[in-house]
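The values are calculated or read from the model by the stated rules, or taken from the named source; none is laboratory data. In this text the structure is predicted, and so the values were computed from the model without any measurement. Reconstructed Cβ throughout: ideal geometry from the backbone, glycine too, with neighbour counts over all protein chains shown. With ligands, DNA and RNA removed, areas are computed over all heavy atoms of the protein, side chains included. Shrake-Rupley method; radii C 1.70, N 1.55, O 1.52, S 1.80 Å.
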Amino acid sequence: MSATSLTWGGRSVPGPGGLPAVAVSLTGPSLAQARTQARSAVDAGADVLELRVDLLEEAGALAAPAPLDAATAAAQVLECLRGLGEAIAADGADAVTGAPLLLTCRTAAEGGRAQLDDAAYGSLLRSVLDGLADWAPERRPAAIDVEVQRGCLPQICAQAHGLGIDVVASFHDFEATPADEALEEVLARMAREGADLAKIAVWPTGADDVARLLRVCARATAGAGEGTGLGVPVAAMSMGTLGAVSRVAPAFGSALTFAVVPDEQGQARASAPGQLPIQDVRRCLELLRV
């Protein structure tokens, strides 16, 4: 169990008993479909909703190959956030109020659709946060994802924290699982630069890679006197079918895991390889509870 925890919209991360909170990504591709996914996710018991704004048609400026107009792109992101909230409210989905929102704009460099270089990425997030400063605190997302490799984490942390928004620092490797020392340094950098939760998702080439990731997570989340605890919650995932066990293994300390819910056609759009249906994730977490 993680030595530290967060509270997003009244929800604990990790959840009760140290079980990972379960997030469902809203992958669109339209805002209307994201709204439907949000309703299904809440009905299925999601603890957190992740809005993958880079996947929404309404935020098309993020995927344009031309140089980014940060003001235009930020306006589209804010409109998506506003539209999601208004659409849910129009449906009378009061239960969604209890499911905090994680705002994520994933770049092409880390498996997303946003065609942003480092400078454009930082400019976009700063512009989005500037816009959120005018929103009522209860309407702001609970947290925002920041890719640590983009180099803007300290600045975004300072700005987000001034608005009462937590920061999830993320790192993805879709080709391999880096050495333990490299993973530990990435996690340490995230904590050092101000992240409230450190997230790593990597690709395994064999069972040993999955075991190593779980070992790194266990060390990073150890309590005082138990190891080299990082001091912030950690979400650690090994992607693909081989790594699926990492998503349902609470004993190793991951604070947050990601699951999928089917859409109205019965199709489940995962935001990363290896995500399991939320019902299966819940069942496994309970069975493996320590």
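Descriptive notes on the structure:
- Residues in the stretch 14-24 that are modelled with pLDDT of 95 or more and either open to solvent by 30 Å² or more (accessible area, probe 1.4 Å) or closer than 14 Å to GLU50 by Cα (or both): ALA21, VAL22, ALA23, VAL24.
- Among all positions in the stretch 233-253, there is no residue which is open to solvent by 10 Å² or more (accessible area, probe 1.4 Å), of a type in the set (Ser, Thr, Tyr) and in contact with a helix residue (DSSP H, G or I) (Cβ under 6 Å, 6 or more places away or on another chain).
- Some residue of the stretch 100-122 being open to solvent by 30 Å² or more (accessible area, probe 1.4 Å), touching a His at 6+ places or on another chain (Cβ under 8 Å) and within 16 Å of LEU62 (Cβ to Cβ): yes
- Candidate set from the stretch 131-163 (those that are over 20 Å from ARG52 (Cα atoms) and among the small types (Gly, Ala, Ser)); member that is surrounded by the fewest Cβ atoms within 10 Å (Cβ to Cβ): ALA136
- Scanning the stretch 200-224 for residues that are under 16 Å from ALA179 (Cα atoms), not small (Gly, Ala, Ser) and not in a helix (DSSP H, G or I) gives ILE200, VAL202, TRP203, PRO204, THR205.
- Evaluating ALA222 against the criteria (1) in contact with a strand residue (DSSP E or B) (Cβ under 9 Å, 6 or more places away or on another chain); (2) small (Gly, Ala, Ser); (3) in contact (Cβ under 8 Å) with a residue 40 or more places away in the chain leaves one unmet condition, (1).
- For the stretch 65-80, the count of residues that are open to solvent by 30 Å² or more (accessible area, probe 1.4 Å), charged (D, E, K, R), assigned to a helix (DSSP H, G or I) and modelled with pLDDT of 95 or more is nonzero.
- Against the test of being surrounded by fewer than 18 Cβ atoms within 10 Å (Cβ to Cβ), part of a loop (DSSP other than H, G, I, E, B) and free of Cβ contacts under 8 Å to residues at least 60 places away in the same chain, the options GLU185, GLU175, GLU181 yield a single qualifying residue, GLU175.
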